[in-house]
Amino acid sequence: MRLSKVFTSLKGFVVAEYCVSINIIPYANIKIVLTADLTTHIARKYLENYNDYGKNIPYYNIKKVILLRDSHSYKFIEEAAKVSTLVINMTKMTIDQVVNRILFQFYLKKNY
């Protein structure tokens with residue numbers, strides 16, 4: 001969530017996530033899809049809720065919400081992955097590593 005807020009605050013970025021509008025920019029130079037396995041996604045959502053909002057939401061409830069949301073957005077994510085410049089599996093990455101990978105992609109696009 002914090003990562004999406006950073007990107008959406010800058011012009012030219014569109015983030016596809018359950019809590020923001022879903023858009024595709026057909027002529028964007030770089031299209032990025034961020035993924036993670038289900039266990040990692042649940043753990044990160046739990047920590048986000050606990051650290052940011054003080055909520056101790058049970059694992060099962062978070063899993064149910066994520067699976068429902070993902071089932072609704074599966075087709076979009078599948079289509080976005082087909083036209084993306086970069087698909088990043090964030091399962092074993094820190095936020096810093098993800099940001100560095102994205103910035104490196106912009107560097108390559110700008111300089112080559």
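Every number in this text was worked out from the coordinates using simple rules, so none of it is lab data. Source: prediction; values computed, not measured. We place every Cβ from the backbone using ideal geometry, glycine too, and count neighbours over all the protein chains shown.
Model label points for Glu48 and Phe104, set 7 angstrom from Cα along the Cα-to-Cβ axis, are 2.4 nm apart. In this simple spin-label model, placing a label point 7 Å from the Cα along the Cα-to-Cβ direction at both Lys55 and Ile30 gives a separation of 3.2 nm. In this structure, the residue pairs whose Cα-Cα separation is over 22 Å, taken from Lys31/Lys110; Lys31/Lys75; Lys55/Lys75; Lys45/Lys92; Lys55/Lys92, are Lys55/Lys75; Lys55/Lys92.
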